[in-house]
1. Select from Ser326, Gly272, His138 the residue farthest towards the positive end of the dipole of the chain; place +1 on Cβ of Lys and Arg, -1 on Cβ of Asp and Glu, and compute about the Cα centre.
2. I'd like the antiparallel share, as a percent to the nearest 5, of DSSP beta bridges with both residues in the chain.
3. Specify whether the C-alpha gyration tensor of region 293-413 places it in the rounded, prolate or oblate class, a ≥ b ≥ c being the square roots of the eigenvalues: rounded for a/c under 1.5, otherwise prolate if a/b is larger than b/c and oblate if not.
4. Once you place label points 7 Å from the Cα toward the Cβ at Arg406 and Gln327, how far apart are they in nm?
5. Where the only charges are on Cβ atoms (+1 Lys, Arg; -1 Asp, Glu), what is the dipole of region 106-244 about its Cα centre, to the nearest 20 debye?
6. Using the Karplus equation 6.51 cos²θ - 1.76 cosθ + 1.60 (θ = phi - 60°), what ³J(HN,Hα) coupling, rounded to whole Hz, does each residue of region 243-249 give in order, writing x for Gly and Pro?
7. Report, ordered by chain and residue number, the lysines lying within cross-link reach of Lys58, taken as a straight Cα distance under 29 Å and ignoring same-chain residues fewer than 8 apart.
8. Could you calculate the FRET efficiency of Arg391 with Ala185 from 1/(1 + (r/R0)^6), where r is the beta carbon distance between them and R0 is 45 Å, rounded to 0.05?
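Since every read-out is calculated from the coordinates, none of them should be taken as a lab result. Bear in mind that the values here come from a model prediction, so they are computed numbers and not experimental data. FYI the Cβ positions are ideal-geometry reconstructions off the backbone, even for glycines, and counts take in every protein chain you see.
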Amino acid sequence: MTILTRRVHLCALALLVAGNAAAQTITTPRQHFGFDIGDDYQLATYTQFMDYWQKIDKESSRMQVIEIGTTEEGRPHLAAIITAPENFAKLDRYKQISQQLHRGGGLTDAQARLLAREGKAVVWIDGGLHATEVVGPHQLIETVFQLVSRTDEETTRILRDVIVVAVHANPDGMQMVSKCYMQNAEPTARRTCSPRLYEKYAGHDNNRDFYMSNVKETQNMNKLMYWEWLPQIMYNHHQSGPVGTVIFAPPFRDPFNYNLDPMIVTGLDLVGSAMHNRFLQEGKPGFTMRSGAPYSTWWNGGLRTTAYFQNIIGLLTEIIGSPTPSQIPPTMSQILPRGDLPAPIRPQEWRFRQSIDYSVTANYAVLDLASRYKDQFLFNIYRMGANQIERGSRDHWTISSQDMTRLQAAAAPSAPAPSSGGRGGRGAEGGASTARRRRRR
Ligand SMILES: [Zn+2]
């Protein structure tokens with residue numbers, strides 16, 4: 001059911017017949033996979049994932065599966081649009097509004113506010129980019145299932161206000177890693193493994209390809225993100241969390257990338273706070289931020305970070321977890337609460353389902369905020385675009401840490417001159433030091 005017109009007709013029919021979405025019966029993950037997502041020693045393959053999404057697409061008027069291309073190994077590369085049934089009839093209009101506000105130019109502020117009111121917030125959620133980080137695609141299965149099956153007030157409101165673009169980020173990798181994990185007949189002997197590169201050409205460096213689009217998976221996702229939907233928020237799931245914690249969540253450490261619009265930074269604070277508060281509301285301690293990990297806004301070639309240059313609020317989380325139960329070890333530096341670790345977690349055994357639940361909490365925090373502040377997020381991406389057009393229309397220069405080094409040297413003529421590269425001083429961390437401190441993500 002991938003043709004939009006047919007989809008719209010079916011949605012309309014479903015509404016008429018069923019009266020409301022609650023009447024729909026959605027196949028549960030247990031019914032389809034034979035286990036609940038997050039059960040110990042169980043991983044789903046991409047073939048099973050694809051069958052499941054196609055099955056619940058037929059059952060739900062909230063979901064439209066789309067094939068965004070093929071992978072390097074020839075598999076269909078799936079994404080899904082999830083929103084309220086009535087929004088599908090106006091999907092092209094909502095896409096047009098998202099594109100128009102993103103461009104920033106040609107609108108007055110008043111026109112932008114009207115479009116923001118009419119439009120829907122667009123939120124991208126992906127999973128599975130790094131295939132051995134198995135929480136990623138599995139939290140995507142669980143989150144999408146909850147979005148299409150839950151009938152609570154919050155889910156209904158989210159679906160009314162938000163268009164969720166759910167994207168599998170590495171189908172070939174999921175197939176390879178899940179088959180490798182499940183090959184041992186004795187469940188307790190199963191361990192995460194990958195027989196070879198889990199993206200045919202790039203392996204883990206599939207997250208180094210988004211600025212140059214060399215491999216098909218990147219081309220498919222970049223087209224969906226930058227040519228079609230231009231989400232106001234995108235959320236890129238990774239593993240693993242810092243030792244002694246469960247999850248690293250935004251905001252990111254200083255220094256902030258001053259080449260970006262400052263509303264990216266305040267936007268990251270806003271969305272990050274929504275995650276942190278919801279973790280605490282639901283009794284989920286052990287999240288850390290900023291200085292809790294080396295992740296920053298300076299690596300410019302990844303799925304999350306190329307988005308910043310399109311004024312998209314890009315989120316990254318790094319979570320622990322494996323279907324083979326693991327441990328949160330005693331860690332001296334993670335015992336005392338601090339600003340970047342408000343609620344430390346006790347050492348304990350850790351199960352896969354807990355990581356799935358934390359991920360769903362984080363996704364719902366983002367979606368709830370996007371629903372409540374829909375007009376704000378839509379207007380803000382217009383504001384950022386308009387800011388850049390305005391800066392480019394006059395003599396504008398971005399002040400860098402190297403400029404500051406030179407300025408400080410000029411202000412103190414008796415002090416020793418800076419080295420020739422101008423990279424002296426702490427302010428240059430965003431350049432050379434970041435490369436040294438960067439972790440794989
Ligand atoms: Zn990763």
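1. Positive-end residue among those listed: Gly272.
2. Among the beta bridges of the chain, antiparallel pairing accounts for roughly 45 percent.
3. Oblate.
4. About 5.4 nm, to one decimal.
5. 200
6. 3, x, 10, 9, 8, 8, 10
7. Candidates past the 8-residue exclusion: Lys90, Lys95, Lys120, Lys179, Lys216, Lys223, Lys374.
8. 0.15
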